[in-house]
Each structure stands twice: as C-alpha cells, then as structure tokens.
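To start, the structure under review is shown below, and the notes come after it.
The values are calculated or read from the model by the stated rules, or taken from the named source; none is laboratory data. Here the structure is a predicted model, which is why all the values come from computation and not from measurement. Note that each Cβ is placed from the backbone with ideal geometry, even for glycine, and that neighbours are counted across all protein chains shown. In case anyone asks, the SASA skips ligands and DNA or RNA and just uses the protein heavy atoms, side chains included. Shrake-Rupley method; radii C 1.70, N 1.55, O 1.52, S 1.80 Å.
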Amino acid sequence: TISHPGLLATSSRYHLVVHPNYTTHHNPLKMPETDTGRLEDRIDLSEETDALITETTGMASSPANLPNILNLLYALEKKTRVGNDTPSLVKICEHSLKLARQLGDNLDVAIECLTTLCTRRSQKSKAIAILVQTAMPWTEAETGDDKLKLIETLRNITDGKIYLEAERARLTRMLATIKEEAGLIGEAADVLQEVHVETYGALSKREKVEFLLEQIRLTLLKEDFVRAAIVSNKINQKALSEEGMEEHRVQFFTLMTEYHQHEKDAYNLAMDYHSIYRTNNDLEALKATVLFLALSPYGMEQQDMLHRIETDTNLDKIEASKSIIKLLLKSEIIN
C-alpha cells in the first residue's frame, strides 16, 4: 500500500484510484475554472477605451499634461490587460507610445514608455508587437546616440520572440551598419552572426538573401574565411536564380571570388566569373573566366567548361580569349 494524500493503492501492481474526497485544490490534474466555466473571461472595455483616447487626445495640446495623460492610460492599460480585452489593450498601448513620442522632451521619454508597457506582467504578444512596429520607423529618423539607444532597446524587447523575428533581424542589420561605419568591423560581423536568418519564416526570400550576403561580406572583411564559406552554403541557389534576383546573384558570386582568391582555387574562380557573365552578359567577366580556366589544373570539368565556352558567340569579340581556348583544347604541346 502507498500512502499519499488523495490516492489509494492496492495490490502489487499499484492500482491508483483518486479518492472521491480529494479536492480540486489538492489535485494538480484538474484545471481551475472561472465562475462561468471558462479558463479566461474577457471584459469588453472598448467604449471606455475610445472615450479615454478621445479625452487624452484633447489633453495633448500641452506637453505639461503628459504625466497625467500617461497615468490615465496606464491605469486603463492594466484593466484591459487583466480583463483580456486585447483589441482595446492594443489601442491603448499604441496611443500611449505615440503621445509619449509627440509630447516628450526627448526620445528617452518614449523609450521609457516603450519599455514600461512591453515589460508589464503577462503582457500580450499583440500589444508588444504593435509597440515595436510603432517605434521601428523612428530608427530611420533618429541619429547618433539616440538612434543607437532606440535600436538596443528594441533588440532587447524582441529577443527570443518568434513573432518579432523579422523586426529583430532588421534591427540587428541596422546595428551592424552603425558598428561598421564606426570602423568596428569585427563587432559588426559578430552582431550579424547572432541572427540565424535562414530559419526565420517571417522574412521574404529576398530579405533572407540580402541578410546572408551582408554576413558574407562582413566575415570576408574580418578575414574569417571559414565562417564566410559556412554562411555561403546557407544561401539558396534556387532563390538566386529567380527573376528579379539578378543583382543579388552578381553580388553573391563577386563575394565568392574574394573567397576563392584567398583559397587559390582557380577553377572555382572561373565558375564564379562565368556565373556573373551569364547573369549580366559582362565581357570582362567572360575574360576572367577564360583566364582562370587556363590557370586551372587539367581535368574533365575544366575541359568540359572550355568546350562550352568555345561555342559562345561573344568569344568572337575577345580575340585573345578565343585564341587561349583554342590552344587549351588542342592535344599537343603549346609552343
């Protein structure tokens, strides 16, 4: 027999039976219910919310009224949050932040309001999302220390929140740009590496590619060639081949030429330049393709590439490259 509050056990197989007098208070398996039988009640505060928004908008004629305005709005914010009236909560949060930005002496007032509302106990995700989305455009308008402070605040708020992963990626890219402009290439590269953008579902293919290209560029500037190779493998080649992605395709293979030059890989350099040539029909890229094919070790892939380029009509415009192709395809010693 096992002795446990509310449980009876009989036989060697421990047949457990919940005692009929075992109350809900002691039973962790039973979820507490509200008086209405639902897990959560929602109180409709939409009329009160609309009335207060109208009232505080009228009070916004004087910046001196800001403390009183925020006190009124914060009080109703708590009621809507506790009452699970999410639509009204979102309205209150957005209105509070906009007034703090409009009437505040400086950006610090808006940042304090933003932090206060986002860190409230059991704050709703929709409320946090609207606050971050409202503040995002301010990062473009601000400069200097204020811009950096706002970006850091928003990054702290969005950290670990899947529903704000797109905003966090954009904020991280802004921070990396600021650090690069300050000459802190290593820090800029490290900040950008924190974001595993390839796993983000909220970003478009274009944004993902642009972010990864920035990661490659900064890691190359940092001379972290191992990391550059790892990041380059994350880029979807199929996405690069899509219509409208020509600029990104050229940028990617241009970056890869830097990597393959460091690796002294002539054949892959030829392939990089050929991909650039196929994208924008640049004859200089075709010249470079022929040059690095000539420097590549002899092999089936190299010979196949030479035969393919030999049939290219644009080769007639570059006599020297055409002559090199013919010489390399002959099965005799070049004199």
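Could the peptides 100-108, 70-78 be put in order, highest first, of the mean number of other beta-carbon atoms found within 10 Å of their residues?
70-78, 100-108
Work out the P(r) tail for the stretch 189-335: percent of alpha carbon pairs separated by more than 28 Å, whole number.
Working: 2957 of 10731 pairs.
Beyond 28 Å sits 28 percent of the P(r) for the stretch 189-335.
Say each of Asp304 and Ala51 gets a label point 7 Å from the Cα, pointing the same way as Cα to Cβ; how far apart are those two points in nm?
Distance between label points: 7.8 nm.
What accessible area per residue comes out for the chain, rounded to a whole number of Å², with a 1.4 Å probe?
Details: 19520 Å² over 335 residues.
Accessible surface, normalised per residue, equals 58 Å².
Can you check what the net charge comes to around Leu154, using other residues whose Cβ is under 14 Å from the Cβ of Leu154 (Lys, Arg +1; Asp, Glu -1)? Mind showing how you got there, number by number?
Details: positive: Arg101, Lys147, Lys149, Arg155, Lys161, Arg168, Arg170, Arg173; negative: Glu112, Glu140, Glu142, Asp146, Glu152, Asp159, Glu165, Glu167.
Once all neighbours under 14 Å are counted, the net charge is 0.
So, by mean Cβ neighbours within 10 angstrom, what's the order for 175-183, 162-170 with the highest one leading?
Values: 175-183: 16.2, 162-170: 18.1.
Averaged packing, sorted descending, gives the order 162-170, 175-183.
Which of the peptides 54-63, 290-299 is most tightly packed, and how do the rest follow, going by the mean number of other Cβ atoms within 10 Å of each residue? Display every interim value, and only then the final one.
Values: 54-63: 12.8, 290-299: 16.5.
Sorting 54-63, 290-299 by mean packing, highest first, produces 290-299, 54-63.
So if R0 is 35 Å, what FRET efficiency would Ala60 and Glu243 give, r being the distance between their Cβ atoms, rounded to the nearest 0.05?
Numbers: r = 48 Å, r/R0 = 1.38.
For R0 = 35 Å, the calculated efficiency reads 0.15.
Per residue of the chain, what 222 nm ellipticity follows from adding -39500 (n - 2.57) for every DSSP H run with n ≥ 4, rounded to the nearest 500?
Numbers: 17 runs with 214 residues, N = 335.
Per the formula, -20000 deg cm²/dmol.
Of the accessible area of the stretch 171-249, with the probe set at 1.4 angstrom, what percent is carbon plus sulfur? Please report the intermediate quantities before stating the final value.
On the way: 1930 of 3990 Å².
The value for the stretch 171-249 is 48 percent carbon and sulfur by accessible area.
What is the distance in Å between the Cα centres of the stretch 280-296 and the stretch 247-276?
If you average the Cα positions of each part, the centres end up 11 Å apart.
Taking Lys330 as the anchor, which lysines have their alpha carbon closer than 18 Å to its alpha carbon, excluding any fewer than eight residues away along the same chain?
Here the lysines satisfying the reach criterion relative to Lys330 are Lys322.
Which residue fluctuates the most in the chain, going by a Gaussian network model with Cα springs under 10 Å, if the choices are Ile151, Ile216, Ile230?
Largest GNM mean-square fluctuation: Ile230.
Could you tell me which of rounded, prolate or oblate describes the chain, using a ≥ b ≥ c as the square roots of the eigenvalues of the alpha-carbon gyration tensor, with rounded for a/c under 1.5 and, failing that, prolate when a/b is larger than b/c and oblate otherwise?
Values: a/c = 3.63, a/b = 1.82, b/c = 1.99.
The shape class here is oblate.
Taking 0.36 nm per residue of separation and subtracting the Cα-Cα distance, what length does fully extending Glu207 through Glu181 add? Mind showing how you got there, number by number?
Values: separation 26, 0.36 × 26 = 9.36 nm, distance 2.15 nm.
That works out to 7.2 nm of additional length.
Report the residues of the stretch 65-107 in range of a label on Lys161: point 7 Å along Cα→C-beta, backbone N strictly under 13 Å from it.
Flagged as within label range: 90, 93-94.
In nm, to one decimal, how far is the Ile43 label point from the Asn68 one, both placed 7 Å along Cα→Cβ?
2.5 nm
In the stretch 89-151, carbon and sulfur make up what percent of the accessible area (probe 1.4 Å)? Could the numbers behind the result be given before it?
Details: 1340 of 2950 Å².
Carbon plus sulfur share of accessible area: 45 percent.
Modelled label-to-label distance, Ser323 and Thr86, 7 Å Cα→beta-carbon offset: nm?
It is 7.3 nm.
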